[in-house]
Amino acid sequence: MTTLFFGDMLPPSREAEKRREHVLVGTATPLKLDVRPIEHHLTPRGSICIGTFHEDRPIGRCAIPRDSVKDFLRMDLFDRPVSLALNVRKGGPGMEGSLLALVPMDRASPGGSERDEPWRASVPGAAYDDAIKAGGDGSGATQLVGIFLGEVVRFEGDRREPASMLREAADMLACVIRGQVDSVGGRVLEDLTARPEG
């Protein structure tokens, strides 16, 4: 089972990423997502929780500043299907991953360049803009922007492909898409109560 974290506004820093082994997996087919504000008891003060749903199943959630929510939703980033990617790294209780929606740059940049769009700095996943690209070979393919949707983790005891980080990451993404996720709080409590005493 893959556990859904309540994520911060941004994924781990690039400096932290460079110090950890990681793999990036994605969907071959774009998916229709519903991204909207939701209530969540862990939402930090001054922020709004944004939930991501696929076929009415929750697949991600993150917090963004309250004053950025209107601009974020007004961009209509998810009015058409998008591909998903999971940037997975070893760490924490097992395998951790940042869930990203890969959105064409022109959809994330309506009517201007980056320097003309002060809201870009507040969009979840803006730190991944330079790292998640397609068509860097000059072939004319669309450049993609990674929009951060949330954090997921697979506990070490739940790993299905311990010999392959790539296959493990692919299985984690498949579980997220199918909605096979637990609450991290409940799962941590289960693990603690299941451990033998002594």
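Annotations for the structure displayed:
- Close pairs (8 angstrom Cβ cut-off, 6 or more residues apart or separate chains): under 20 Å from Leu33 (Cβ atoms) and among the aromatic types (Phe, Trp, Tyr) in segment 134-155, modelled with pLDDT of 75 or more and surrounded by 11 or more Cβ atoms within 10 Å (Cβ to Cβ) anywhere: Phe148/Cys62; Phe148/Ser98; Phe148/Leu99; Phe148/Leu100
- Filter result for Cys49 (touching a His at 6+ places or on another chain (Cβ under 6 Å) and surrounded by 16 or more Cβ atoms within 10 Å (Cβ to Cβ)): yes
The values are calculated or read from the model by the stated rules, or taken from the named source; none is laboratory data. Keep in mind that what you see is a predicted model, and the values were worked out from it rather than measured. When we count neighbours, we look across all protein chains shown, and the Cβ atoms used for this are built from the backbone with ideal geometry, even at glycine.
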